[in-house]
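One structure below.
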Amino acid sequence: MRRRGNAPYNRRLKRCSALMNYKFRVCLMSHSSGEKLSAYGYGPAKLLAAAKEKLLEPDVRISFFDLKENFGDAQQDVEIVRNENPDILGLSVFLWNFDRVENILCNIRETLPDTIIVLGGPNAPGYELLSKQPWLPDFIVTGEGEEAFVSIVKKLVDGSLRSLDSISTKTDMRKKGLFKPQILSGCAQSLESSPSPYLTNVYVPPGELVYMETSRGCPNQCSFCVSGNEQAKIRFFSLDIIRREIAWAFENCKKNINFCDAALNYNNKRLEEIAQAALDVDPSGKLSFTFALHADHLSKAQIEILSRLNIACATMGLNSTNPATFDTVKRSIDPEKFKEKVSLLKKLPNSNITIMMGLPGDTVDGFKRTLEYCASLGVQINCFELRVFPGTLFFDKASQFDLKYDLSDGLKALSCFSYSNDDLSAMRELFKQYAASSEKFVRGDQVLS
């Protein structure tokens, strides 16, 4: 964006004048991945819907800027924030926008010292450790953000937030070594009345893709997953809301619904009700669906249910067949039973299996045996390299596994107690050989290094 004279500053003055009617100003900003043009900040959009419903107007004004990580830069983001001049700035942190968030935070600390900064999103828990900058946010929200963020804003409105010990009145005190952000762990107890960003008309996604939740939580505790540190009870969204969201997507000419759920197929009756809702709304199958299934729960009855839908992608996780990884990952696989589940999965169009390279406990020979097993399945195999995400057991207990990872390359694993970096390179070469001999072997993360 080019500046033309004083136009940006004139717009800022006009904007600030318009904002004078509001007692408190909240600004949310997210950078969605550039891998898909239709990707967007679903988490912040959910948070926006909750905040709009639970915070009274006209005392609070909430703005939301959903940007693309491969468009623009931090300086343009800062100009947006300065134009808003918010009391609270909420930033969503991902691997792909980490540097950009750092730059925004540093600039806002210097130019808007009274603004309270809240970080959320999947990589917020590791911000203090991973950031190369001295400046820190006031709050870091881990887990589900709706209730936690709303509580922060409510405390600002009633005057109690400014008096908290965690908020320093001196800007130079919000630095590493002098200050600790307050950590808030969010978890909505009930999702039955959770507001939808679509049905509340606070956000319309770009493109043809719609993200949608049908449940939250997972009883599994996989070490590489952000839900792995503690067992999360499964909670369900209202079937009425799910049906209405599917109808909203259909009426607004969206084409693909991505179910963001770890437990979509844990209950046959509920899966049947969700599928029937989609068919009632869209009997001609104009909408397509993307989802993940858990092998332990997959059944012939579920395949019959799902076969009625237009499926864009159905995936199921294998991770590894090496028993040495089962204890570290906290998930075991029975190869024969899994093969039976794959025979069911293959009846669905566009189905695939995911495996993970670089799991602690694995070796070159162990990974080779996993590839040999996968070659016998007759289904597309998507391979991902382990990334040590903040908020996972692998991140929190990396020293226990002697797990090293690359801070400059998306937290990609480098080595651990069972393999060296050279061994990991050998695993990559093995997969390249399989990918060269069969189109069924692909890199899910699109990195063939």
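The values are calculated or read from the model by the stated rules, or taken from the named source; none is laboratory data. A quick note: this is a predicted structure, and the numbers were derived from the prediction, not measured. Glycine also receives a Cβ, built like all others from the backbone with ideal geometry; neighbour counts cover every protein chain displayed. These area figures cover heavy atoms from the full protein model, side chains too; ligands, DNA and RNA do not enter into them. Shrake-Rupley method; radii C 1.70, N 1.55, O 1.52, S 1.80 Å.
Per-structure values
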| quantity | calculated |
| --- | --- |
| Hits in segment 158-179 - residues which are exposed (fewer than 12 other Cβ atoms within 10 Å of the Cβ) and either in a loop (DSSP other than H, G, I, E, B) or at pLDDT 80 or above (or both) | ASP158, GLY159, SER160, SER163, ASP165, THR169, LYS170, GLY177 |
| Residue pairs meeting the criteria (Cβ under 8 Å; at least 6 apart or on separate chains; first within 17 Å of ALA49 (Cβ to Cβ) and at pLDDT 95 or above, in segment 196-222; second basic (Lys, Arg) and assigned to a loop (DSSP other than H, G, I, E, B)) | VAL210/LYS254 |
| Residue list for segment 319-337, filter: outside any helix (DSSP H, G or I) and either open to solvent by less than 50 Å² (accessible area, probe 1.4 Å) or free of Cβ contacts under 8 Å to residues at least 24 places away in the same chain (or both) | ASN319, SER320, THR321, ASN322, ARG331, SER332, ILE333, ASP334 |
| Every pair of residues 6+ apart whose Cβ atoms lie under 9 Å, when the first sits in segment 114-125 and is on the phi > 0 side of the Ramachandran plot while the second is part of a strand (DSSP E or B) | GLY121/SER30; GLY121/LEU91; GLY121/SER92; GLY121/VAL141 |
| Every residue from segment 199-223 that is β-branched (Val, Ile, Thr), in contact with a strand residue (DSSP E or B) (Cβ under 8 Å, 6 or more places away or on another chain) and either open to solvent by 20 Å² or more (accessible area, probe 1.4 Å) or not in a loop (DSSP other than H, G, I, E, B) (or both) | VAL202, VAL210 |
| Within segment 376-422, tally of residues that are over 24 Å from TRP96 (Cβ atoms) and either part of a loop (DSSP other than H, G, I, E, B) or at pLDDT below 95 (or both) | 9 |
| Pick from segment 181-193, criterion surrounded by 17 or more Cβ atoms within 10 Å (Cβ to Cβ) and at pLDDT 80 or above, ranking: farthest from the chain's Cα centre (by Cα) | PRO181 |
| Criterion (free of Cβ contacts under 8 Å to residues at least 12 places away in the same chain, of a type in the set (Lys, Arg) and open to solvent by 10 Å² or more (accessible area, probe 1.4 Å)) met by exactly one of LYS54, LYS155 | LYS155 |
| Verdict on SER196 being within 25 Å of TYR40 (Cβ to Cβ), out of contact with any His (no Cβ under 7 Å at 6 or more places or on another chain), small (Gly, Ala, Ser) and surrounded by fewer than 18 Cβ atoms within 10 Å (Cβ to Cβ) | no |
| Test: residue in segment 259-268 that is more than 18 Å from the chain's Cα centre (by Cα), outside any loop (DSSP other than H, G, I, E, B) and surrounded by fewer than 20 Cβ atoms within 10 Å (Cβ to Cβ) | yes |
| In segment 338-366, the residues that are touching a residue at least 40 places away in the same chain (Cβ under 8 Å), open to solvent by 30 Å² or more (accessible area, probe 1.4 Å) and among the charged types (D, E, K, R) | LYS341, LYS347 |
| Residue list for segment 362-410, filter: β-branched (Val, Ile, Thr), farther than 18 Å from SER420 by Cβ and in contact with a helix residue (DSSP H, G or I) (Cβ under 8 Å, 6 or more places away or on another chain) | VAL379, ILE381 |
| Criterion (in contact with a Ser or Thr (Cβ under 6 Å, 6 or more places away or on another chain) and under 27 Å from ASN220 (Cα atoms)) met by exactly one of LEU411, LEU393 | LEU393 |
| Among (1) in a loop (DSSP other than H, G, I, E, B); (2) free of Cβ contacts under 8 Å to residues at least 40 places away in the same chain - the single one GLU273 does not satisfy | (1) |
| Residues of segment 107-121 classified as closer than 15 Å to LEU161 by Cα, in contact with a helix residue (DSSP H, G or I) (Cβ under 7 Å, 6 or more places away or on another chain) and either part of a loop (DSSP other than H, G, I, E, B) or open to solvent by 30 Å² or more (accessible area, probe 1.4 Å) (or both), total | 1 |
| Residue in segment 412-429 that is nearest to ASP327 (Cα to Cα), counting only those that are open to solvent by less than 30 Å² (accessible area, probe 1.4 Å) and of a type in the set (A, V, I, L, M) | ALA413 |
| Residue in segment 245-254 that is in a loop (DSSP other than H, G, I, E, B), within 23 Å of PRO349 (Cβ to Cβ), touching a Phe, Trp or Tyr at 6+ places or on another chain (Cβ under 9 Å) and at pLDDT 95 or above present | yes |
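So that you can scan it fast, the table gives a plain yes or no per residue for (1) out of contact with any Phe, Trp or Tyr (no Cβ under 8 Å at 6 or more places or on another chain); (2) within 30 Å of VAL93 (Cα to Cα):
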| position | (1), (2) |
| --- | --- |
| SER408 | yes, yes |
| SER415 | yes, yes |
| ASN421 | yes, yes |
| ALA426 | yes, no |
| ALA435 | no, no |
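To keep it simple, each residue is scored yes or no on (1) open to solvent by 20 Å² or more (accessible area, probe 1.4 Å); (2) among the hydroxyl-bearing types (Ser, Thr, Tyr); (3) in a loop (DSSP other than H, G, I, E, B).
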| position | (1), (2), (3) |
| --- | --- |
| PHE64 | yes, no, no |
| LEU67 | yes, no, no |
| ASN70 | yes, no, yes |
| GLN76 | yes, no, no |
| ASN83 | yes, no, no |
| PRO86 | no, no, yes |
| LEU91 | no, no, no |
